[in-house]
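Written below as structure tokens is the structure these notes are about.
The values are calculated or read from the model by the stated rules, or taken from the named source; none is laboratory data. Keep in mind that what you see is a predicted model, and the values were worked out from it rather than measured. Cβ placement follows ideal geometry from the backbone for every residue including glycine, while neighbour counts extend to all protein chains displayed.
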Amino acid sequence: MRTLLVCHEGADLDREGLARWLGSFSTFAGAVVIREPAGRLRKRIAREIRRVGVWRFLDVLAFRAYYAVAQAAADRSWERSELERLRAAYPRVPDAPEVIVPSPNAKEAEAFIRAQRPDIVIARCKTLLAERIFAIPRRGTFVMHPGICPEYRNAHGCFWARAAGDDDNVGMTLLRIDKGVDTGPVFGYFRVKAGRRESHVVTQHRVVTECLDAIRDTLIEIESGAAVPIDTSGRRSAEWGQPWLSAHVRMRRGRNGDPERVALHESRAESVAPHESRAESVTPHESRAESVAPHESRAESVAPHESRAQSVALHESRAESVALHESRAESVAPHQTRAASVALHESGAESVAMHQPHVGRPFQGRHTP
């Protein structure tokens, strides 16, 4: 079995750690290493603002600031220790070429992958791959998505599962890339238990590095053609985004709730039609025209021909729904029970047409903070 890795420059747990691991049970054919231009970050910031709005983007920035001050140094130390552990577990360094590219969709990346003729590609990158790239390997291109799919698609699924109190669904999904956003066939779930004080970055690494033996066995089955995808039909499918400081604080205080409430009131995740194309996600995947009401089921996802008038009406109701949600602290007495709090949100859902902006893929990442 020939394997190839796509990862970011500076991601040593991937570039070195996973390369050593892949070389321990397969012919490691090489790595596509992404060195992104500075302008890419500005585009992601602009998309994030369009996706969640200015005020919620400040919540994202607040979490980033908190992480930099309170957790980043300890996480870097943990990553160094974990890399040393992987070096000891997989001492042989594969003798394989690398190519450095500005994007995994660059022509140089495509030419390199075709020349190396991999059976399986493992993509550990923030950028959605074009079909001309992910279709090259004989058995497909796979992602180790930090989140249990389809419930926790897109970015930072481990963080949002913890924020929801959904501790049994803190884990990684091994899935084959298709044209959607984490909508491809699922071949395995790999869960961990995360401590309350553990950072989301460490959790996202652990769901991979602590499950490498099981992941290896699954990849071998996939290469042999014996692996059967897991049936995920009938389950709630939702996209998530960047962590919020407000959600983190509530999680630390033990005020998290069930995943459905967090999906409605925290992530503004939406049900996504099964035919959603990956090409749409690469470009205008944050489009507000695809917004859906919070109570709308997957089967009732908004069709592409939905009238502009309906979309505008939903958009204009957003301010009222956000105001209702953010006024909870003032409207609920400190001694009021959790059940009453849930009832307040449920009654609000009946009285106000809540708008759920389409959650795009601002960082399109799988493992970064």
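Based on what the data block shows, is Arg64 in contact (Cβ under 8 Å) with a residue 60 or more places away in the chain and either assigned to a strand (DSSP E or B) or among the charged types (D, E, K, R) (or both)?
Here the answer is yes, as Arg64 does meet what is asked.
Got a number for residues in the range 11-56 being modelled with pLDDT of 95 or more and either part of a strand (DSSP E or B) or of a type outside the set (D, E, K, R) (or both)?
So the answer is 19.
If the requirement is being of a type in the set (A, V, I, L, M) and in contact (Cβ under 8 Å) with a residue 40 or more places away in the chain, which of these qualifies: Ala106, Ala123?
Details: Ala106 fails: in contact (Cβ under 8 Å) with a residue 40 or more places away in the chain.
None of the others qualify; the one that does is Ala123.
Of all residues in the range 162-176, which are touching a strand residue (DSSP E or B) at 6+ places or on another chain (Cβ under 8 Å) and touching a residue at least 60 places away in the same chain (Cβ under 8 Å)?
Matches in the range 162-176: Asn169 only.
Looking only at the range 149-203, filter to residues that are among the polar types (S, T, N, Q) and modelled with pLDDT of 95 or more; which one of those is farthest from the chain's Cα centre (by Cα)?
Looking at the filtered set, the residue picked out is Thr203.
Looking only at the range 43-69, count how many residues are surrounded by fewer than 16 Cβ atoms within 10 Å (Cβ to Cβ) and under 17 Å from the mean Cα position of the chain (by Cα).
Qualifying residue count, the range 43-69: 2.
If you take the residues of the range 1-35 that are closer than 19 Å to Ala106 by Cα and within 19 Å of the chain's Cα centre (by Cα), which of them is surrounded by the fewest Cβ atoms within 10 Å (Cβ to Cβ)?
Among those residues, the one meeting the criterion is His8.
Considering only the range 76-92, how many residues are closer than 14 Å to Glu210 by Cα and part of a loop (DSSP other than H, G, I, E, B)?
1
Any residue at all in the range 151-162 that's hydroxyl-bearing (Ser, Thr, Tyr), farther than 20 Å from Asp14 by Cα and buried (at least 24 other Cβ atoms within 10 Å of the Cβ)?
Yes - at least one qualifying residue is present in the range 151-162.
For Glu108, are the conditions met, namely being in a helix (DSSP H, G or I), touching a strand residue (DSSP E or B) at 6+ places or on another chain (Cβ under 9 Å), at pLDDT 95 or above and surrounded by fewer than 20 Cβ atoms within 10 Å (Cβ to Cβ)?
When the stated conditions are applied, Glu108 passes them.
I want to confirm something. Restricting to the range 183-218 and keeping residues that are in a helix (DSSP H, G or I) and in contact with a Cys (Cβ under 7 Å, 6 or more places away or on another chain), which single residue is surrounded by the fewest Cβ atoms within 10 Å (Cβ to Cβ)?
Filtering the range 183-218 down to residues in a helix (DSSP H, G or I) leaves 200-209, 212-218.
Checking the rest, the ones that are also in contact with a Cys (Cβ under 7 Å, 6 or more places away or on another chain) come to 200, 203-204, 207.
Working: His200: 25, Thr203: 22, Gln204: 26, Val207: 27.
That would be Thr203.
Looking at (1) within 24 Å of Trp78 (Cα to Cα); (2) buried (at least 19 other Cβ atoms within 10 Å of the Cβ), which is the one condition that is false for Ser237?
Result: Ser237 passes all but (1).
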